[in-house]
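Asks: Below are the structure tokens for one structure; questions will follow.
The values are calculated or read from the model by the stated rules, or taken from the named source; none is laboratory data. For clarity, every value in this text was computed on a predicted model and none was experimentally measured. Quick reminder, even Gly has a Cβ in these numbers, built from the backbone with ideal geometry, and neighbours come from all protein chains shown.
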Amino acid sequence: MCGRFVSTTSAEDLARHFEARFDGPALGARFNVSPGSLVWTVVAEGQHQPERLLGTKRWGLVPSWAKEASVGNRMINARLETVGERPAYRRAFHSRRCLVPADGFFEWEATAGGPKQPWFFSATDGHPLAFAGLHERWVAPADPQMTPLETVTIITTDATEPVRTVHDRMPLALSAETWDRWLDPELAGNEILRAVLDANRVPQLEAWPVDRAVGNPRNEGAELITPVKPPETGATLL
């Protein structure tokens with residue numbers, strides 16, 4: 001799963017990288033983004049010449065039919081293998097796909113007889129990652145006049161190296177060649193998924209162990225991605 005990630009690239013730089021129009025509000029640099037937080041998203045709007053928009057949504061998808069917004073707490077990730085089948089994600093998968101920019105993410109390694117060891121993963125080229133995501137708009141049934149809640153979930157897949165040494169799942173990161181097709185709201189999910197996966201080039205990642213303080217969502221700061229001494233019985237990554 002993906003339960004924490006890093007978001008430090010500015011709105012201006014993200015807009016340039018994703019060739020998107022910034023649609024505010026701005027978010028500050030964060031080294032411990034946790035579920036329930038506002039996160040950057042890139043969506044495409046328009047039928048004939050879709051325009052990419054960089055904006056924000058709350059992490060934790062709330063289906064349009066949900067009775068309570070709290071269900072989003074359990075829907076921060078959607079498994080790639082079943083995303084087109086599960087009722088919570090099916091509609092969004094077919095017409096409300098997005099990208100979730102991130103400067104890296106954390107996964108936790110199980111250790112023998114001790115607490116799990118967090119590792120930080122980021123692209124070796126220094127560019128932001130583009131996680132495949134789904135987004136929804138939710139209006140409270142008890143108050144149709146309320147401002148709609150915009151939410152998002154991150155799609156996960158089987159881990160590749162070097163992540164699989166630490167954990168069996170990871171966010172699905174999409175290469176630039178696949179962004180337009182993934183974002184196109186006119187193409188149904190089941191029409192493009194295989195084409196996107198076949199064309200996708202998984203970014204090369206680097207990794208290092210970090211302090212367990214990242215496990216507390218109240219902790220923040222660059223020290224959370226500072227390398228620490230690897231656990232003696234832990235994974236060895238390059």
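Asks: Output the residues belonging to the stretch 192-213 that are among the acidic types (D, E) and surrounded by 13 or more Cβ atoms within 10 Å (Cβ to Cβ).
Replies: Listed by number, the residues that qualify are E206, D211.
Asks: I'd like to know if the stretch 201-211 contains one or more residues that are in a helix (DSSP H, G or I), of a type in the set (V, I, T) and either within 16 Å of L129 (Cα to Cα) or at pLDDT 95 or above (or both).
Replies: No; the residues of the stretch 201-211 include none that is in a helix (DSSP H, G or I), of a type in the set (V, I, T) and either within 16 Å of L129 (Cα to Cα) or at pLDDT 95 or above (or both).
Asks: Do the conditions hold for T157, that is, is it surrounded by 21 or more Cβ atoms within 10 Å (Cβ to Cβ) and among the polar types (S, T, N, Q)?
Replies: So T157 fails the test.
Asks: Out of all the residues in the stretch 1-22, which are part of a loop (DSSP other than H, G, I, E, B) and either farther than 23 Å from L61 by Cα or of a type in the set (A, V, I, L, M) (or both)?
Replies: Of everything in the stretch 1-22, those that are part of a loop (DSSP other than H, G, I, E, B) and either farther than 23 Å from L61 by Cα or of a type in the set (A, V, I, L, M) (or both) turn out to be M1, T9, S10, E19, A20.
Asks: Can you tell me which residue within the stretch 9-22, out of those that are of a type in the set (G, A, S) and crowded, with 16+ Cβ neighbours inside 10 Å, is farthest from E45 (Cα to Cα)?
Replies: A11
Asks: Kindly list the number of the only condition in (1) assigned to a strand (DSSP E or B); (2) touching a Ser or Thr at 6+ places or on another chain (Cβ under 8 Å); (3) among the charged types (D, E, K, R) that fails for E107.
Replies: (2)
Asks: What number of residues within the stretch 80-94 satisfy the criterion of being in contact with a His (Cβ under 9 Å, 6 or more places away or on another chain) and surrounded by fewer than 15 Cβ atoms within 10 Å (Cβ to Cβ)? Don't jump to the end; show me each part of the working.
Replies: Step one: list which residues in the stretch 80-94 are in contact with a His (Cβ under 9 Å, 6 or more places away or on another chain), which gives 84, 92.
Filter again for surrounded by fewer than 15 Cβ atoms within 10 Å (Cβ to Cβ), leaving none.
Going through the stretch 80-94 one residue at a time, the tally reaches 0.
Asks: Would you mention how many residues in the stretch 23-57 are crowded, with 16+ Cβ neighbours inside 10 Å and part of a strand (DSSP E or B)?
Replies: So the answer is 17.
Asks: Can you pull out the residues in the stretch 64-79 that are at pLDDT below 95 and surrounded by fewer than 23 Cβ atoms within 10 Å (Cβ to Cβ)?
Replies: Once the filter is applied, which keeps residues that are at pLDDT below 95 and surrounded by fewer than 23 Cβ atoms within 10 Å (Cβ to Cβ), the stretch 64-79 yields S64, W65, A66, K67, E68, A69, S70, V71, N73, R74.
Matching residues to (1) in contact (Cβ under 8 Å) with a residue 12 or more places away in the chain; (2) in a helix (DSSP H, G or I); (3) touching a strand residue (DSSP E or B) at 6+ places or on another chain (Cβ under 8 Å); (4) among the hydroxyl-bearing types (S, T, Y):
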{"site": "P144", "(1), (2), (3), (4)": "no, no, no, no"}
{"site": "T151", "(1), (2), (3), (4)": "yes, no, yes, yes"}
{"site": "T157", "(1), (2), (3), (4)": "yes, no, yes, yes"}
{"site": "T160", "(1), (2), (3), (4)": "yes, no, yes, yes"}
{"site": "H167", "(1), (2), (3), (4)": "yes, no, yes, no"}
{"site": "M170", "(1), (2), (3), (4)": "yes, no, yes, no"}
{"site": "I192", "(1), (2), (3), (4)": "no, yes, no, no"}
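Asks: Just a yes or no: is a residue in the stretch 219-230 of a type outside the set (K, R), in contact with a helix residue (DSSP H, G or I) (Cβ under 6 Å, 6 or more places away or on another chain) and modelled with pLDDT of 95 or more?
Replies: Yes.
Asks: Another question about this same structure. Pairs under 6 Å by beta carbon, first residue in a strand (DSSP E or B) in the stretch 61-90, partner buried (at least 21 other Cβ atoms within 10 Å of the Cβ) and of a type in the set (A, V, I, L, M, F, W, C), six or more apart or different chains?
Replies: Short answer, once both residue conditions are applied: N77/C2; N77/I154; A78/I155.
Asks: Among the numbered conditions (1) surrounded by 16 or more Cβ atoms within 10 Å (Cβ to Cβ); (2) on the phi < 0 side of the Ramachandran plot, tell me where G60 comes up short.
Replies: (2)
Asks: A further question follows. So for the stretch 117-128 (the condition being modelled with pLDDT of 95 or more, assigned to a strand (DSSP E or B) and among the charged types (D, E, K, R)), does at least one residue qualify?
Replies: No, the conditions are met nowhere in the stretch 117-128.
Asks: Identify, from the list E186, E150, the residue that is charged (D, E, K, R), within 17 Å of the chain's Cα centre (by Cα) and closer than 27 Å to A44 by Cβ.
Replies: E150
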